[in-house]
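Values in this text are rule-based calculations from the coordinates and carry no lab data. Bear in mind that the values here come from a model prediction, so they are computed numbers and not experimental data. As a convention, Cβ positions derive from the backbone with ideal geometry for all residues, glycine included, and neighbour counts pool all protein chains shown.
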Amino acid sequence: MSRFNLRAQLALLLTCAGATSCSSSAGTRVVESTGGAGSVANSTAGTAGAGSASNTTAALIAPRIRRLTNAEYDASVQALLGTTLALGARFVPDARLYKYGKFDRNEAQIVEPLLARQLQQAAETLATEYVEKKLDQDLPCVMAADAACARQFFEGFLPKAYRRALGGSELDDLLSMVVTPALTRDGFRPAIELGIEAALQSTAFLYHSELGDDASLAGVKTLTNAEIADALGFLITGSPADAELARAADLTSPDAREQHARRLLETPLARSQMHRMVKQWVGIDQVSDTLKSKTKFLNYQPQAFDQESNDFVDEVVFARKGDFRMLMGAAFTVGTSSLADTYGAPQPSVDPGLIDLSSVPRRGIFNLGAFLATNATLELPSPVKRGARFLTQALCIDPGDPNALKLNITLPPSNSSQTTRQRFEAHAQGACLGCHSMIDSVGFTFEHFSAVGAWEANEDDKPELPIDSSTTLSLPSDIPFAGQAVADSSELATLVSQSDAGRRCFARNLARFTSASYGDALEQAFLEEWKRLADSGEDSVQELLVAYVRSNLFVQRGAK
Amino acid sequence: MTDYARRPGVQRTRRSFLRALGASALAFPFFRSLEISAVEAAEGVAPQRLLTFYFPHGVSSPLFKRQVNDTEDSFDLTFVEPRSGAPCVLRPFDDAASYGMSFKSKLVVIDGLDFATDAVGHDGTRTVFTGSGTTGTGSSIEQYLAIEAGLGKDTPFSTLVLGVGTNKTGDHLDNISYYKGVTVSKIIDPTETFNTVFASLLASSDPAALAAAQARRARGQSVVDFLRADINHLNTRLAPREKAKLDQHLTSLVEIEKQLAALETQRNCQAPAAPPKFDSVLSLAGGEVNFEAITNLQIDMLAQALACDLTRFGSFWMADLSRGAVTGTDIPYDTFYSPDSPDIHLTVAHGYRPPYDSIDGIAPADPGVPVSWQLSGVQQHYAYEKAARLLSRLSASGILESSLVVIGNDMGDSGLHTSDNVPYVLAGSAGGKLRTGRYLSLKPNCPPGRRDCEGTNKVIIPNNQLLVSIAQMFGQAIDSFGEPTDPAHAKGALAGLV
């Protein structure tokens, strides 16, 4: 045995003796405790009606403010100003919810110096555009161009910008500190511009408030009606409340929230938001940025995979009102005839349209091009990336960190006489075995899919290199199909789609997205809600969202 | 293998020095006029400046460590390692032909510091200048000195955080600058750097522009005043965790306020020419082919921002040579990259195999793989070349002595991706606070060419001690910095440094 392996094994022994990381077959579960229903104490009397048995003070999110994501910023200025500009897309990227799903809805977002400058510049651009193009039609008194007209403008504008009724001296503060001095100094239009700039940089615009009415920090609070409207709008549509929702006065009622949620789910904005949620969960939202070898894959067009992902989500979640089982195990996708060719599937009856995958081994979103191309190198499939990503995102299993174990990581040398799997089977020995027996048993199931997601019988079309995607799944013992033999990733996806483990993991990820945070108590409470729906066969993605919106988790905040 | 790949940068000439300054030097016609910076001429006493400089993937130990017969004060940075035939990766610092002067006498090379946090592999990036781990709540040293200690209050930008390739926020492996535990975003597009940093110089260069700037300041200040009142009002309703978010927001407003004020400040510096626009500046999205040019531009503008006293604190995050980032350099693609992977993370970095000591009773010594040292060294030689470029710019502006440049790295052994014996190079003296021209080998029992000297006699010398020393050089009476796993490791200055 080599020197490196000895050293690495020593480290492995120490690590495994002390903690959780490796065994011959299992990695570390990611905050996927087995607590389940009833594990959260301190249940409060439900005030939210149906399905609220799960809601507990321990699971409640603390009162907070959440900075809008860059996409939410763009949606908000577009709704407020009627602009088509999307300046937020060029801001510093959102800090994603680290490790536990790469969601951009993240309660930890802040306004740091570079972003503050970008917000300032964006506000200036947007205000200038609005005053040039929209002010005259929106403000009848514009010809008067006086202080009274300026007040009139901001009386209407500011509540829309703040997404709530104005409190105390908020209007007067803006007028006295910003607008009136500018009126004197620069004139009417520049004063309106400056007032808009200030409003667009205010805390009320940039942060979604979840503080409730009560100014004290003790006890359970219920969000204000305006805060609930805001939360509902951003959750379901990625945008602020539309006019109908903003007018609603009874949003502490679960039924009213449900009614608006269902209405919003019918809008195009809800589809965009659902694309975002599903793609960030799977980790494919940046597939359009992936590059592939220009010599090996001449016509690689990752945008087509992004479009396919969106269309697939539309078909599953909206057209068929599907659930996790369908997202994970669907025997169809939506795309062009060219995509059908790539997949070796029958042509769609309309182009683009529904592609029947029942005759080919490709099931669900983890077997579509976006996942396969994202988790590959420029030229070759990456069984490690595919296996590890599938474990974390589809099963909530952390496969471990080789760096923490001080293991040598060596890319298997290029060898044109071996398949990718054969090259990577070096993992099946020494210190790597502990974790890679699990990672590779999942990753190898995708072997028939090239770096751009095409199905291949033989590696690089070489008959002497037949691809073998069959494995025996080396998974933690509480996964019911641990130890089971599968022929390929299609069988794997089908197994996971039908499993509680997969469905629970999806529900956890949904909880993280909806709450813009992570934490076992909240996720367990969400799982309890999921279980109630799952037991009655009503756990479609849409119904899960509606159930969350109805629940106390959505409208109450705990004291922490 | 080409000569370059074996001995990168050896045969540099005066001509190559001019080429090293290159197109960007032409784009900065006033650079040489900054030999005595405006602020030093005005005040007579040079303010201290601090720049942190980072590149990933450790160093090739046989090409970095002090040689057997060298001493702290007498050492060679031009050696050629015999087994690999590769040069010392620090050679750019002693290459007057390429950089106009040797910086050897301006350096303190430190070998033997360790990270004492939970951050492993590339997560160690978080620890390089914070001394904290993945859940740290502290600031990196330049943010601490500039903002928390207030040393950056007199310049338009308390700090300037630049980078190449990635502007991701919120994760450990892509960020070296932190303010109270939160990542500080990098500017990675030279055009944005130019527009952000040199706007005040543009404004103050003629009377009409100055008048416009004054009007702009008045408008901007009223908005800042309004926003500050707005934040303070909301703050009264928040629990401490939420207050921290608004504290960050208020800090950002202070920065905007200072930049507004700077609009009216006349400076004896002129703005550089606008940099070219690049079609892509992001790694993993085709930006790599522009990285050489972007790196040079960002370094030059960072140096000029210091010379113009637009900031006194900054950081620079340098990308590695993955995915075709050698385009435009002298490094030949075909000899540096593995045929089937242009990502040096999995080939060059993880393929690094240094020599091993023996571990008693377990395994004999291992001679390592010399070709892996050479390949790894190409990356580091390139990075230190860029650091030397920065030093040459600061020197040309007459501010190297008053500055301290701290060049750090996320790991010691890239093969294992571990953070023992992580290399640091300090340059400049922070205004005479640092005795330079030295090579500190902190673990004398760890012989040259050996990996990390771990084992039963392993001694941890936390990088926190270096950060304490730096803070003290900048006048801070502190004896602890960062949040290592064992709090005791945060304490104390680095013995023998100052």
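Averaged over peptide B:215-225, the number of partner chain Cβ atoms lying within 10 Å of each residue's Cβ comes to 6. The mean number of Cβ atoms from other chains found within 10 Å of a Cβ in peptide B:231-241 is 4, as a whole number. With each label modelled as a point 7 angstrom along the Cα→C-beta vector, the A:Ala485-A:Asn415 pair spans 2.5 nm.
Under the membrane-span-like helix rule (DSSP H runs whose alpha carbons stretch at least 30 Å along the helix axis, mean Kyte-Doolittle hydropathy 0.0 or higher), chain B yields none. As a proxy for reagent exposure, ranking B:Ser280, B:Ser98 by other Cβ atoms within 10 Å from fewest up yields B:Ser280, B:Ser98.
The Cα center of the range A:344-375 and the Cα center of the range B:228-283 differ in position by 47 Å. Take the Cα of A:Lys296, step 7 Å toward its Cβ, do the same at B:Ile460, and the gap between the two points is 4.2 nm. Near A:Ala191, within a Cβ-to-Cβ distance under 13 Å, what is the net charge of the other residues, with Lys and Arg +1 and Asp and Glu -1? Every neighbour counted, the sum reads 0. The ranking of A:Leu119, A:Leu380, A:Leu85, A:Leu368 by Cβ neighbour count inside 10 Å, starting from the fewest, reads A:Leu85, A:Leu380, A:Leu119, A:Leu368. Selection among B:Gly165, B:Ile256, B:Pro342 by position relative to the dipole of chain B gives B:Ile256 as farthest towards the positive end (Cβ unit charges, Cα centre).
With 0.36 nm allotted per residue and the present C-alpha distance subtracted, the A:Asp314-A:Thr472 stretch has 53.5 nm of extension available. Annotation: lysines with alpha-carbon distance below 16 angstrom to B:Lys433 (same-chain offsets under eight excluded): B:Lys106.
Listed by chain and number, the lysines whose alpha-carbon sits under 24 Å from that of A:Lys134, ignoring those within fewer than 8 places in the same chain, are A:Lys160. Eigenvalues of the alpha-carbon gyration tensor of the range A:192-303, scaled by 5 and square-rooted, set the equivalent ellipsoid semi-axes at 37, 20, 15 angstrom, largest first. What is the sum of charges around B:Val289, taking Lys and Arg as +1, Asp and Glu as -1, for the other residues whose C-beta is under 11 Å from the C-beta of B:Val289? Local charge sum for B:Val289: -2.
Multiplying the residue separation of B:Gln266 and B:Leu210 by 0.36 nm and subtracting their alpha-carbon distance yields 19.3 nm. Straight-line cross-link reach from A:Lys321 at under 21 Å between alpha-carbon atoms covers these lysines, not counting any fewer than eight positions away in the same chain: A:Lys279, A:Lys531. Could you work out the percent of alpha carbon pairs in the range B:87-239 separated by over 18 Å, rounded to a whole number? Summing the P(r) of the range B:87-239 above 18 Å gives 75 percent of all pairs. Normalising by the residue count of chain B, find the relative contact order in percent from Cα pairs under 8 Å and 6+ residues apart. Computed over chain B, the figure is 30 percent. Taking label points 7 Å from Cα along the Cα-to-Cβ direction, A:Glu464 and B:Val498 give a separation of 6.8 nm. Computing FRET efficiency as 1/(1 + (r/R0)^6) for B:Lys277 and B:Asp154, where r is the C-beta to C-beta distance and R0 is 22 Å, gives about 0.10.
Residues B:Asp334, A:Asp230 in ascending order of nearby Cβ atoms (within 10 Å, fewest first): B:Asp334, A:Asp230. Applying a threshold of 19 Å to the alpha-carbon distances of B:Lys65/B:Lys104; B:Lys186/B:Lys491; A:Lys102/B:Lys245 flags B:Lys186/B:Lys491; A:Lys102/B:Lys245 as lying beyond it. Projected onto planes of every orientation and averaged, the convex hull of the alpha-carbon atoms in the range A:275-497 covers 12.3 nm².
Rounded to the nearest 5, the antiparallel percentage of DSSP beta bridges internal to chain B is 40%.
Size descriptor for the range A:64-209, Kirkwood hydrodynamic radius: 15.9 Å (Cα pairs only, one decimal).
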